[in-house]
Amino acid sequence: MTFCTDDQDLISATNAWDKMTDYAGRSGLNAEAFKACMAGPEAGAAVDASIANAKLMDVTSTPTLFVNGRRIVGADPHQLEQLLQYEIQQTNGKKN
């Protein structure tokens, strides 16, 4: 089962919980266990830690990727491919 980003406009603040549990169930997860996990304090703590980490790294938008410390902001697959190819060449050059 795949979930397309085109479905994102169907999710709102008022239905996010229901959509999330629906997607979990449709993906084969135990919906009740998923709800319990998401409602537990660990989930909130993980989100808070992720937000704090993003602030430390000055991440203000998604997607933001880091490749060997280099920041890529946005979803430009060409830019990402170029950076990955560069890093591969650098790694291979150090091995030789």
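Each reported figure results from applying straightforward, stated rules to the coordinates on display, with no laboratory input. This is a predicted model, so every value here is computed, not measured.
Estimated purely from DSSP H runs of n ≥ 4, each contributing -39500 (n - 2.57), the mean residue ellipticity at 222 nm for the chain is -18500 deg cm²/dmol once divided by its residues. Net length available on complete extension from Met57 to Ser12 is 13.4 nm, with 0.36 nm assigned per residue and the Cα-Cα distance removed.
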